[in-house]
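Asker: Before anything else, here's the structure in question.
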Amino acid sequence: MKFIRIILFPFVPIYFLVTWFRNLAYDKGWFKSTSYDFPIICVGNLSAGGTGKTPMVEYLIRLLKEETNLATLSRGYGRKTKGFLLAEDNITATELGDEPFQFYHKFKDEITVAVDEDRQHGISTLRALKTKPEVVILDDAFQHRKVKAGYNVLLTTYNNLYVDDFVLPTGNLREPKKGAKRANIIVVTKCPEFLSQNDKEAIVLKLKPKVYQHVFFSHIGYGNSVLNETEKFSVNKLESFTLVTGIANAKPLVNYLKSQYLDFNHIEFKDHHNFTENDIKKLSELDKIVTTEKDYMRLKNEAVLKGKLYFLPIKTVIDNSEQFDALVKAFTLG
């Protein structure tokens, strides 16, 4: 895979120019971008996945859901439906997409969850609801320039800062690094739990934030227990099991489980993998399966996996969260 990316390097300038010109067209007003008179927060990245958008959206949901009528709007990547779709009790992850299905599963009595590949249409449809949302969180919409969010939260991982990367197809960037200037907040995600102040300052120097930008650091907080619909038990009581992942970057999870001296094998699928009948059959032959919450949402209704499938919950833990929370609330609540 790395070799293929290297030989595709001559195409990097072409991709760079196309995405650079697209951004220029929106910045100059040649392409129309719609602004709104109510708070819209965009959570996104410059990289092609794996920066921790889902736990960050969940962090914002927990922060705001008690104080405002809140909605999330996602594209619904990998779903088998089209257009606007509102999450309801009878909906499936296949119809809605795994991340929005997870949001609905966890917060369905507290927020509105919807998907639409056309974010403008999705926003207008949400606002036309009988109980219209006062704040909308856009999941993975940093490159969706047709919507001009009032507040942009840009994520970049500790081990692969966007300033150290190239645009596709050789690197992982969806657009040139200069796109970071649209962010109000930059969060360096998946940091070591105890990152020194010197290391933080060195990263900030590399990122070179604008005067209006705030930089924060976060790490993954792993749950103390694995669980499913009916059971819950401590991680340190896990005996031999199989870890099954279909996410962009499983390395932090693998490293965490190894640090707990657990005995496991790892079956790794690509991000947003749609599990086939053959996949399910092979998984059903395993004794105990631990997976991510996102993967669990796609697998939990498979009858042959009942009693052997569990997930390990995670959350985003932000250093200096008081300042982060205050900035977000100042924008959304005034």
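The values are calculated or read from the model by the stated rules, or taken from the named source; none is laboratory data. Quick caveat: nothing in here was measured; it's all calculated off a predicted structure. Neighbour counts run over all protein chains shown; Cβ positions are idealised from the backbone, glycine included. To get the accessible areas, we keep the full protein, side chains included, count just its heavy atoms, and leave off ligands, DNA and RNA. Shrake-Rupley method; radii C 1.70, N 1.55, O 1.52, S 1.80 Å.
Asker: Can you list residues from other chains, or at least 5 along the same chain, whose modelled amide H is less than 5 Å from the amide H of Cys191?
Answerer: It is Tyr158, Ser218, His219, Ile220, by chain and number.
Asker: Can you give the Rg to Rh ratio for segment 173-229, taking only C-alpha atoms and Rh from Kirkwood?
Answerer: 1.11
Asker: With 19 Å as the limit, write out which pairs from Lys146/Lys329; Lys177/Lys206; Lys106/Lys146; Lys237/Lys270; Lys178/Lys208; Lys106/Lys258 have Cα-Cα distances beyond it, or answer none.
Answerer: Correct reply: Lys146/Lys329; Lys106/Lys146; Lys237/Lys270; Lys106/Lys258.
Asker: Taking amide H atoms as placed 1.01 Å from N in the peptide plane, list the residues 5 or more away in sequence, or in a different chain, whose amide H sits under 5 Å from that of Ser47.
Answerer: Close amide H contacts, sequence-distant or interchain: Arg174.
Asker: Which ³J(HN,Hα) values in Hz, rounded to whole numbers, follow from the phi angles of segment 157-165 under the Karplus curve 6.51 cos²θ - 1.76 cosθ + 1.60, where θ = phi - 60° and Gly and Pro get x?
Answerer: The phi angles translate into 7, 4, 8, 8, 4, 4, 6, 9, 10 Hz.
Asker: Still on this structure, I have one more. Any idea what Rg and Dmax come out to for segment 265-318 if you just take the C-alpha atoms, in Å?
Answerer: 11.7, 40
Asker: Consider just the alpha-carbon atoms of segment 224-276 and return their Rg together with their Dmax, both in angstrom.
Answerer: When restricted to the Cα atoms of segment 224-276, Rg and Dmax are 12.1, 32 Å.
Asker: So, how do all the Cα-to-Cα distances of the chain break down into 10 Å bins, in percent, from 0 on up?
Answerer: 5, 24, 33, 27, 10, 1
Asker: Ignoring the sites themselves, what is the longest stretch of the chain with no chymotrypsin sites (Phe, Trp or Tyr not before Pro) in a DSSP loop and at most 11 other beta-carbon atoms within 10 Å? Write down the numbers at each step before the final one.
Answerer: Numbers: sites that count: Trp30, Phe194, Tyr212, Tyr261.
Excluding the exposed sites themselves, the longest stretch runs over 31-193.
Asker: May I pose another question? For a distance above 17 Å, tell me the whole-number percent of Cα pairs in segment 209-334 that qualify.
Answerer: Pairs farther apart than 17 Å: 63 percent.
Asker: Tally Lys/Arg at +1 and Asp/Glu at -1 over every other residue whose Cβ is under 10 Å from the Cβ of Val135; what's the total?
Answerer: Summing Lys/Arg as +1 and Asp/Glu as -1 gives -1.
Asker: Return one whole number: the accessible area per residue of the chain in Å², for a 1.4 Å probe. If you can, show how the numbers build up before the last one.
Answerer: On the way: 17010 Å² over 334 residues.
Using a 1.4 Å probe on heavy atoms only, each residue of the chain averages 51 Å².
Asker: Then there's this: Taking N as the number of residues in segment 1-156, what is its Cα Rg relative to 2.2 N^0.38 Å?
Answerer: 1.12
Asker: Sequence-distant or interchain residues sharing an amide H contact under 5 Å with Lys288, placed H: which?
Answerer: HN-HN under 5 Å from Lys288: Thr242.
Asker: Taking θ as phi - 60°, what are the ³J(HN,Hα) couplings along segment 243-249 by the Karplus curve (6.51, -1.76, 1.60), each to the nearest whole Hz, with x for Gly and Pro?
Answerer: Karplus values, whole Hz, x for Gly and Pro: 8, 10, 10, x, 10, 5, 9.
Asker: Once you have the Cα-Cα distance between Thr68 and Leu286, take 0.36 nm times their residue separation minus that, and quote the gain in nm to one decimal.
Answerer: Full-extension gain reported as 74.1 nm.
Asker: Return the carbon/sulfur percentage of the accessible area of the chain, one whole number, probe 1.4 Å, all protein chains in place.
Answerer: Heavy-atom surface of the chain belonging to carbon and sulfur, 1.4 Å probe: 53 percent.
Asker: Find how many whole Å separate the alpha carbon centroid of segment 85-131 from the alpha carbon centroid of segment 60-75.
Answerer: Result: 12 Å between the Cα centres.
Asker: For segment 52-135, which trypsin sites (Lys or Arg not before Pro) are in a loop by DSSP, counting at most 16 other Cβ atoms within 10 Å?
Answerer: Filter output for segment 52-135: Lys65, Lys80, Lys82, Lys108, Lys130.
Asker: So what are the ³J(HN,Hα) numbers for segment 301-306, from phi and the Karplus equation (6.51, -1.76, 1.60; θ = phi - 60°), rounded to whole Hz, Gly and Pro as x?
Answerer: For segment 301-306, the Karplus-derived couplings read 8, 7, 4, 6, 9, 4 Hz, x marking Gly and Pro.
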